[in-house]
Amino acid sequence: SLRADLDLFFSKIFPESSGPGASVLLVRDDNILYSSAFGVSDLNTRVPNTTSTVYNVGSLTKPIVAFAILRLARDGKLSLDDKIIKYFPDAFPASPDIGEKVRLYHLLTHTSGLPDLRKIEEEHEFYLTADDAQNWAPILQANRLNFTPGTQYQYSNPAFNGLAVIIEKTVGRKWQHYVEDLIFKPSGMSSSTITDGSHPSSGVARAYEPDDVNNKLSNDGTGYHEMGYGQEPTFCAA
């Protein structure tokens, strides 16, 4: 049967019932074909993963931000052609023309040319809980672009922090609350949330890597080191 075949497939990927795992859902045309969970959500507490376990989805927040921006553009609340100087008039004090060159669609498409000036390694503790405005602030001090906007592609996390701040300036409230009303509530996503800087202390599965990845070692002899909340920076909108 399909379920037996998938159980066997995923049990090979997650062979340890007491190790890190995942929740799996396969859906076709609104019909659930398969739903199951493997491993544990926390190696310390050994709480098993379930089909209701909440996970950090990382950069999957980017399309949510993009959807919000596109909805505001559709509703005439902003334009994708807006120059970012419109929203940040005091930005780029050493080179104000940057704000005239970069437009919203450049931020959306990773083609702004804005350099990432955050000192994430040096200020690791700060960026563990930095919110969107704090992630975006260093970029507003740029005095040059890496390339002319629209001419090259360069993946940018802080660009989406900037878009989140633009949403807030446009709607007059936290962008997380706007997205909750726009997407989560209509979709029945009752357990989905977006962080606002600090990471949740409980209720979210921890992320792990095997000790042989990136030459990092655990301190507890589990064979895995944690790479989730509290270890890696939380970039909110990014």
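The values are calculated or read from the model by the stated rules, or taken from the named source; none is laboratory data. As the structure is a computational prediction, the values presented were derived from the model and not from experiment. As a convention, Cβ positions derive from the backbone with ideal geometry for all residues, glycine included, and neighbour counts pool all protein chains shown. To get the accessible areas, we keep the full protein, side chains included, count just its heavy atoms, and leave off ligands, DNA and RNA. Shrake-Rupley method; radii C 1.70, N 1.55, O 1.52, S 1.80 Å.
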- Message: Full-extension gain between D5 and R144, please, as 0.36 nm times their residue separation minus the C-alpha to C-alpha distance.
- Response: 44.6 nm
- the chain: DSSP helices with Cα axial extent of at least 18 Å and average Kyte-Doolittle hydropathy no lower than 0.0: 61-74, 158-171
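Name the longest site-free stretch of the chain, where the excluded sites are GluC sites (Glu not before Pro) in a DSSP loop with no more than 11 other beta-carbon atoms within 10 Å.
Working: sites that count: E121, E122.
Excluding the exposed sites themselves, the longest stretch runs over 1-120.
For a 22 Å ceiling on Cα separation, which of these pairs sit above it: K86/K119; K77/K174; K119/K174; K77/K119; K62/K174; K77/K169?
K86/K119; K119/K174; K77/K119
Specify, per residue and in Å³, the volume enclosed by the convex hull of the alpha carbon atoms belonging to the stretch 111-172. If you can, show how the numbers build up before the last one.
Values: hull volume 5.7 nm³, N = 62.
Spelled out: Cα convex hull of the stretch 111-172, divided by residues, is 92 Å³.
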- Query: Once phi is turned into ³J(HN,Hα) by the Karplus curve 6.51 cos²θ - 1.76 cosθ + 1.60 with θ = phi - 60°, what whole-Hz value does each residue of the stretch 104-120 show in order, with x for glycine and proline?
  - Reply: 4, 5, 5, 5, 5, 9, 6, 10, 6, x, 5, x, 8, 9, 5, 9, 5
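Just the number: Rg to Rh for the stretch 121-214, Cα atoms, Kirkwood Rh, two decimals.
Numbers: Rg = 16.7 Å, Rh = 16.2 Å.
My calculation of the ratio gives 1.03.
Can you order the peptides 8-15, 38-45, 86-93 by their average number of other Cβ atoms within 10 Å per residue, highest first?
Values: 8-15: 12.2, 38-45: 18.2, 86-93: 15.4.
Output ranking for 8-15, 38-45, 86-93: 38-45, 86-93, 8-15.
Can you classify the stretch 49-184 as rounded, prolate or oblate using the Cα gyration tensor, where a ≥ b ≥ c are the square roots of its eigenvalues, rounded means a/c under 1.5, and otherwise it's prolate if a/b beats b/c and oblate if not?
Working: a/c = 1.80, a/b = 1.26, b/c = 1.43.
Note, shape of the stretch 49-184 comes out oblate.
Taking every DSSP beta bridge with both residues inside the chain, roughly what % is antiparallel (nearest 5)? Provide the component values of the computation, followed by the final result.
Numbers: 13 of 16 bridges.
So the antiparallel bridges amount to about 80 percent of the total.
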- Task: Please calculate how many Å² of accessible area the stretch 91-138 carries per residue, with a 1.4 Å probe and no DNA, RNA or ligand atoms counted.
- Result: 46
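How large is the translational diffusion coefficient of the chain in µm² per second when you combine the Kirkwood radius over alpha carbon pairs with Stokes-Einstein at 25 °C and 0.890 mPa s? Please list the in-between numbers first.
Numbers: Rh = 20.0 Å.
This corresponds to a translational diffusion coefficient of 123 µm²/s.
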